[in-house]
1. Apply the Karplus parameterisation 6.51 cos²θ - 1.76 cosθ + 1.60, with θ equal to phi minus 60°, to every residue of segment B:82-96 and state each ³J(HN,Hα) to the nearest whole Hz, in sequence, with x for glycine and proline.
2. Indicate the gyration tensor shape class of segment A:109-179 (rounded, prolate or oblate), computed on the Cα atoms with a ≥ b ≥ c the square roots of the eigenvalues: a/c under 1.5 is rounded; otherwise a/b larger than b/c is prolate and the rest oblate.
3. What does the buried accessible surface come to for A and B, summed over both chains, with the probe at 1.4 Å? Round to 100 Å².
4. Considering only the other residues whose Cβ falls under 13 Å of the Cβ of B:LEU105, what net charge follows from Lys and Arg at +1 and Asp and Glu at -1?
5. Which value, in Å² and to the nearest 10, is the accessible area of A:LYS115 when all protein chains are kept and the probe is 1.4 Å?
6. For segment B:38-85, with all protein chains present and a 1.4 Å probe, just round the carbon and sulfur fraction of the accessible area to a whole percent.
7. Order of B:174-185, A:228-239 by packing, highest average Cβ count within 10 Å first?
8. Per residue of A:317-330, count partner chain C-beta atoms within 10 Å of its C-beta, then hand back the mean as an integer.
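The values are calculated or read from the model by the stated rules, or taken from the named source; none is laboratory data. From a predicted model like this one, the values you see are computed outputs, not experimental measurements. FYI the Cβ positions are ideal-geometry reconstructions off the backbone, even for glycines, and counts take in every protein chain you see. Calculation scope for accessible area: heavy atoms of the full protein, side chains included, ligands and nucleic acids excluded. Shrake-Rupley method; radii C 1.70, N 1.55, O 1.52, S 1.80 Å.
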Amino acid sequence: VSVPFEDRVTEARLSRQWRNVRDGLEKKRPRRWPVVLAAAITVGAIVAIAFAVWPRPSPAAWSGTAVETQATEQQIELADGTRVVVEPESRLSVCAEAGVCLVVDRGRARFDVTKDQDRVFRVRAGDVEVRVVGTRFTVTHRVETGRAETVVEVNEGVVEVRAGGGDPRRVSAGQRFAMTFGENEPPPEPNAVEEPVEPEPAVRRPTEPPSQEEADALFEEARAARAGDPALAAQRYGEFVRRFPRDPRAGLAAFELGRIRMDSLGDPAGAVAPLGRALRSSGGAFREDALARLVRVHARLGNTDRCTELRERYLRLYPSGAYRAAVAGLCP
Amino acid sequence: MAASGYHPVVSLAAAKVIPLRRERADEPSDEVLVGLARGGDSEARELLFRRYARMLNHLAFRLLPFDDEADDLVQDAFIAALTSLHRLNEAAAFPGFLRSIAVRLASKRIRRRRMLVRLGFAKAREVDLDLVVSRDVAPDVALQLRALYRRIEELDPDVRVAFVLRYVDGATIPEVAKTTGVSEGTVKRRIQRANEALGIGNAT
């Protein structure tokens, strides 16, 4: 059944369009002379990495090949279309393993991995190893005196993360895995996996798509519970976000969930993922609040780097924002 | 249509009107976002996209009423706008800048499609009128709108764009002139030509 075009401009369509725009912008990035010069200097290393990765007749021969960036980022495209962006002040090298094996020695790299079930794609950073089939994710590795921190952020799909030789953990889209190592400490347990709003059921059974009436009823139930029963409201908002991710109210529900966990349930760590979800929603009325709250949450959790990063983002986006003074004084 | 005495402006006003801009008071201003986007800030670019994507999709569907062409137009227009922000003198004028780019790209697409059809490299496509005529309008109005859209498809691209912007998108003559980059006199002449071709008299 055909519908007027306004019904076709869905959130899913806008997201798909944005992905294409973002990819188009990456391709059309203006080439300034310093960038071209830097690219020319590193092209040898890039080609070497591409050869080292595809195909790899002798892993050991290519081990140690690296790209090191200074003021500008570098993009590497592998033969299968996988793209790696090595951000400024970072170093990426190849390790001697079967399949594709890259190491973020320092700084941050973004990966957009083409799906291929037949090869192993792994990324290492410190004692953390990420295994991938096809997904988009970012790995950050910061090394300071006596301390190292590795962060894995997944944008699409699922990755498997092993830390310190421990059991693998699955990190899904929207989740963030963080791990800190002290100089003389044994490898610790991961200290910050930001879980999604509610875990997905282990097995998905084909069901009828939920109706608009169900969405309305669940949202109203959550709203009604907000004043008297915050735990129930949080449960209902979480269910709403999970079951109706494309509903225009999903962002607001995620924001409410984060707010309740933060203010009423004393669970700032549990507020991180829903507030992040609210921040990514396209509605926007609560985006400034969500960002300001995220700064506060990370300040309370002692995540100084993340707190600082988000604080700067808030001050950039909302130079006259309502929370400017409060946010500016956080995470000194 | 002309014989029935139907006046398109009146009937088109009965169709659903889509707001062109969805900016919230507590969102970063266009000036802030354009400033950041000029420096390559990916989040500012995405926020600009989110803010104006619906407006541009609606415009795209009116100018090129096909799913795939509307998608391509929206994407190409945003890529062109976001990579040429250095040419935008006044950051607050971003939506108009974006619309101008979209309109120029739409004209090019219409010309190219017609040329390909004439040369036999592509087949003429029938507009899916259910896509552009709202279900909420009265059946007789819908019938007239369908007839009008079929005839709009036959207009010269520049004439068609001016007509659609003026009567379907609801823009004023100065707005159409600014968006299409021609004088108000030229816009009036194009609309006059459209009116004549559609047999609806002078309604600029």
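1. Couplings: 6, 8, 10, 5, 5, 8, 8, 6, 10, 4, 5, 8, 3, x, x Hz.
2. Numbers: a/c = 1.91, a/b = 1.65, b/c = 1.16.
Here segment A:109-179 falls in the prolate category.
3. Details: alone 18260 and 11070 Å², together 25900 Å².
Using a 1.4 Å probe on protein heavy atoms, the buried area is about 3400 Å².
4. Numbers: positive: B:ARG99, B:ARG104, B:LYS108, B:ARG109, B:ARG111, B:ARG112, B:ARG113; negative: B:GLU69, B:ASP71, B:ASP72, B:ASP76.
Combined, the nearby Lys, Arg, Asp and Glu give +3.
5. About 140 Å², ignoring ligands and nucleic acids.
6. Working: 420 of 1080 Å².
Carbon and sulfur atoms account for 39 percent of the accessible area of segment B:38-85.
7. Numbers: B:174-185: 16.2, A:228-239: 19.0.
Output ranking for B:174-185, A:228-239: A:228-239, B:174-185.
8. Across the residues of A:317-330, the mean count of other-chain Cβ atoms within 10 Å is 2.
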